[in-house]
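The values are calculated or read from the model by the stated rules, or taken from the named source; none is laboratory data. The structure displayed is predicted, hence computed values, not measured ones. In this analysis, Cβ positions are derived from the backbone assuming ideal geometry, glycine residues included, and neighbour counts consider all displayed protein chains.
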Amino acid sequence: LYIGEPSAEAVAAQMPDLILVSATGGDSALPLYDQLKTIAPTLVINYDDKSWQTLLTQLGQITGHEQQASARIADFNKQLVSLKEKMKLPPQPVTALVYTAAAHSANIWTPASAQGQMLEQLGFSLATLPGGLPASHSQGKRHDIVQLG
């Protein structure tokens, strides 16, 4: 819909039936809530304190798609087991991060993040991060992902 700053105009152009807004993090459009709620019903979701499975279950309940949500989670769990059986892990522990060249930053996934939890389910052991990292606070109140840069 947009790159960088959230855009109510870009959201409106999609003519959504429902708008989901992240409560925290770099992808949060919370400052636009008052504008967005005039476009379509708008839900603010805090997803940094729960697994994606819990979030999907919650969204399934909200939208009346409980069975589809349960089916997606079951499919994912089957794929996870299959992948784990086929994987050869590198030496442990590891640090998992995503570097974003355009932003000159990197996000490190902690065990509290959805990504970190999935990696641990696959058998990875996430390294303890050293103290004193020059972390950015652009993620707001999020502590499950450490942003560098």
- Query: Which condition number in (1) under 22 Å from GLN121 (Cβ atoms); (2) of a type in the set (S, T, N, Q); (3) surrounded by 11 or more Cβ atoms within 10 Å (Cβ to Cβ); (4) out of contact with any Ser or Thr (no Cβ under 8 Å at 6 or more places or on another chain) is the one that SER82 fails?
  - Reply: (3)
- Report, ordered by the first and then the second residue, all pairs with beta carbons closer than 9 Å, sequence separation of six or more or different chains, a first member in the stretch 117-134 that is in contact (Cβ under 8 Å) with a residue 24 or more places away in the chain and under 30 Å from SER82 (Cβ atoms), and a second member that is of a type in the set (Asp, Glu) and surrounded by 12 or more Cβ atoms within 10 Å (Cβ to Cβ). LEU126/GLU120
- Message: If I ask for residues that are among the β-branched types (Val, Ile, Thr) and under 19 Å from the mean Cα position of the chain (by Cα), which ones from the stretch 63-88 would you list?
- Response: ILE73
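For the stretch 34-50, what are the residues that are among the hydroxyl-bearing types (Ser, Thr, Tyr) and either free of Cβ contacts under 8 Å to residues at least 12 places away in the same chain or farther than 30 Å from PRO111 by Cβ (or both)? Spell out how you get there, then give the answer.
We begin by selecting, within the stretch 34-50, every residue among the hydroxyl-bearing types (Ser, Thr, Tyr); these are 38, 42, 47.
Selection gives THR38, THR42.
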- Using the structure shown, decide if THR24 is buried (at least 16 other Cβ atoms within 10 Å of the Cβ), among the polar types (S, T, N, Q) and at pLDDT 95 or above. no
